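Nothing in this text is a laboratory measurement; each read-out follows from the coordinates by a stated rule. Note that the structure is a prediction, hence the values are computed from the model and not measured. Positions of Cβ are backbone-derived with ideal geometry, glycine not excepted, and every protein chain shown enters the neighbour counts.
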Amino acid sequence: MHNMEVNELDRQYKKFGFWALIAVVLLLVAMVLAPFAQALMWSVVLSVLSYPLYKRFCSRFNEVVSSLLTILSTVFLVAIPLGLVGLLVFLQFRGVADDFEKHATNPAVTTTKTKETPITRLAQQIDTAIQPTLKQFDIDFKVDEYVRENGQEIARTVTGPVTKGATAFAVSAVMMVVSFLTMFFMLKDGHKLLKPAIELIPLPEAWTRKILSRVQQTIKAVFIGVVLVALIQGAAAGIGYAISGVEGWLVWAFATFVLCVIPLLGAPIVYVPFGLILLMQGKIWQGVFLLVWGFVVISNIDNFLRPKYIGEAVGLHYIAIFFSLLGGILAFGPVGLIAGPALLTIFLELIAFAREERAKSLESNAENPSGAAEVAP
């Protein structure tokens with residue numbers, strides 16, 4: 001009897017020790033992989049989006065060549081164009097920021113109206129728009145004077161994000177290299193790892209495959225319905241800004257793209273003020289063109305395309321999409337645009353599984369009340 005108790009204690013100790021060891025190892029692995037979390041997320045997203053292209057290459061080449069061709073196609077079609085646009089936006093914004101900082105830190109220049117920066121000109125245009133309203137309330141405030149008096153502080157505020165942006169751009173470039181390297185092995189060996197992964201997940205195989213399929217569907221729908229639609233809107237806005245003669249049009253096109261990505265915001269936040277400013281400057285056709293172009297073309301791209309790909313394909317309520325997108329961005333950065341809705345999809349599917357299991361349990365107890373009473377605590 002004593003030996004049996006010792007064996008039982010030894011078995012429980014080994015069982016507890018095994019799971020404790022697993023927990024410690026998982027924690028250490030998470031610490032090792034944490035710096036590459038965004039790169040891993042990008043590799044998953046890019047692998048899902050490019051998988052149809054990979055399968056097409058597989059019909060003619062082996063897995064290694066197909067994976068390599070898929071990555072090269074992604075680099076040339078997506079990474080390089082986006083990288084060049086990002087670099088142009090950074091250089092244009094950097095030029096505006098440097099010009100403003102140079103004038104703001106030189107009092108002799110900041111008090112001279114013959115030499116003005118785009119920011120001081122914008123301040124004067126804002127004054128022209130708001131001064132009649134301010135005078136009605138006896139408020140003596142001019143944006144132009146405030147900008148000139150606080151030029152150095154504003155300059156630091158403007159140039160600070162530029163420096164941080166340059167650092168972030170360099171880090172992102174390194175992470176993208178890691179993402180593409182990981183993506184190569186995901187495409188090449190992903191199907192081999194699918195079955196072991198399904199066996200490790202503590203869910204029935206049918207539910208595991210259903211969740212993976214839903215995540216894949218969500219990633220595709222969010223990319224097309226949010227990112228791609230916002231890119232099209234940003235490009236259309238850039239065309240409108242350039243034709244209308246908006247200074248720094250590429251920077252504002254990028255700003256429009258960012259605002260179009262975030263739910264409940266959008267392109268009108270940018271193109272409506274610029275259209276009104278152009279009208280106040282006496283540039284009638286430019287202002288009218290930008291407003292008409294914005295309402296007819298830019299905004300309608302969102303109205304026609306986004307509901308089709310998000311609401312119908314994902315099946316999520318709009319407020320759920322809003323919180324998952326915004327929360328994903330705040331938690332994971334740009335990749336959170338897709339990671340947020342994907343995680344929400346996983347959560348909702350797990351809730352659906354738990355409800356189904358509970359319904360089966362209640363139904364079983366209702367059919368066999370005596371058995372339920374026997375197993376009740």
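Evaluate the distance, in nm, between pseudo-label points positioned 7 Å from the Cα of V258 and of V25 along their respective Cα→Cβ axes.
4.4 nm
Between Q12 and I80, what length in nm is gained on full extension when 0.36 nm per residue of separation is reduced by their alpha carbon distance? Working shown, then result.
Working: separation 68, 0.36 × 68 = 24.48 nm, distance 5.62 nm.
So the chain would gain 18.9 nm between Q12 and I80.
Using R₀ = 30 Å, calculate the FRET efficiency as 1/(1 + (r/R₀)^6) where r is the Cβ-Cβ separation of H191 and F304; round to 0.05.
It comes to 0.25.
Checking the table K135/K283; K14/K210; K188/K360; K188/K220; K195/K220; K15/K195 against a 29 Å threshold on Cα-Cα, which pairs fail?
Cα-Cα > 29 Å for K14/K210; K188/K360; rest within.
Against the 2.2 N^0.38 Å scaling, with N counting residues, where does segment 209-357 land? I'd like the Cα-based Rg ratio to two decimal places. Present the calculation step by step, with values, prior to reporting the outcome.
Details: Rg = 18.0 Å, N = 149, 2.2 N^0.38 = 14.7 Å.
It is 1.22.
Pop the C-beta distance of V292 and N62 into the FRET formula with R0 = 35 Å and round what comes out to the nearest 0.05.
Efficiency computed from Cβ-Cβ geometry: 0.05.
How far apart, in nm, are the 7 Å Cα→Cβ label points at S361 and E199?
Roughly 2.8 nm, to one decimal.
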